[in-house]
Amino acid sequence: MLSSSIRRPLVALALVAAIAAPLGAQEIRFSTEDDLVGRSRPADDLYTFAIALGVERGAYRFRLAESAFTDRRAGLRFDETYLDVGRILPLDSPWTVRIDAGAVHLGHGLFGQRTQNAVHRAIHDDPVTLRYEPASLHPRLAVEAARLALRRDGATVGPRFEVEAVAGVKSQAFGGFDLRWPAGRWLALDVVAGGRWTRAVYSPLRPHLVRLAAAAKLELVVVQRLVVAWSYNDFGSERQYVSLGWKVPFDRSARVRRQTLRPYFSSRE
């Protein structure tokens, strides 16, 4: 039986998905992420896990996401809870551009400490009890652009650029390339690599985010449903993360003709 600390947030996400499906959603994507690879330095600290629910409908995407941050040395923690909507711009151009706008809540989120400690108890790890930073609300704006050219083997490759600003919290920019290869009927591969620039404004983040560093992500989609990914420097902290996701497509015939951009910032989708 799931504890209430895990059950309540999962019920909230399930309700969002149940409402979105009959409204004409073309795809619902759920994902969770953890720093399993890099948790030894320090143990399970900084950006520890993330969870997200994204719903696509035509050129629009609606997203609810949360990332948990802990700083054991400073004795503090906060959750970054994102709620935003994005739209692919109707441009007559080889570039695909999407704009996301929304809000970010800092403080005690949907998951946070109770969920993290429920997982720790399940794996017989020590609980983490830290004071939460005061709650605050911040506007967010992000722009993503990619120009993917089709190759003979069915793969697409091209440049990719992303910019994100959360007022009073942080700003990020990514530049690199995106390679997508449908390896067969049951497997698809997406490789993103380049560099990330990060500027932290929020004081608890300043000691931990790196101004400029390499960034990469490798994503496998199995049988068009299961998404397995590894990423490096996803949050600007030069750490490695592993994520799992599940895609639920609906009306395939109504899908957007252009390549749908998947945000590489923070892999919160």
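The values are calculated or read from the model by the stated rules, or taken from the named source; none is laboratory data. The model shown is predicted, which means the values in this text are computed figures rather than measured ones. Cβ: placed from backbone, ideal geometry, glycine included. Neighbour counts: every protein chain shown.
Working only within the stretch 50-83, note down all residues that are farther than 18 Å from residue 170 by Cβ, more than 17 Å from the chain's Cα centre (by Cα) and in contact (Cβ under 8 Å) with a residue 40 or more places away in the chain.
58, 59, 72, 75
With the requirement that a residue be farther than 25 Å from residue 239 by Cβ, in a strand (DSSP E or B) and of a type outside the set (D, E, K, R), what does the stretch 57-75 give you?
Passing the criteria: 60, 62.
Do we find that residue 127 is within 22 Å of the chain's Cα centre (by Cα), without any contact (Cβ under 8 Å) to a residue 24 or more places away in the chain and at negative phi in this structure?
Considered against the rule, which asks whether it is within 22 Å of the chain's Cα centre (by Cα), without any contact (Cβ under 8 Å) to a residue 24 or more places away in the chain and at negative phi, residue 127 comes out as no.
Could you tell me whether the stretch 141-152 includes any residue that is touching a helix residue (DSSP H, G or I) at 6+ places or on another chain (Cβ under 8 Å) and closer than 17 Å to residue 204 by Cα?
The answer is no, given that none of the residues of the stretch 141-152 is touching a helix residue (DSSP H, G or I) at 6+ places or on another chain (Cβ under 8 Å) and closer than 17 Å to residue 204 by Cα.
Being among the polar types (S, T, N, Q), surrounded by 15 or more Cβ atoms within 10 Å (Cβ to Cβ) and at pLDDT below 85 narrows it down to one residue among 40, 31; which is it?
Answer to the selection: 31.
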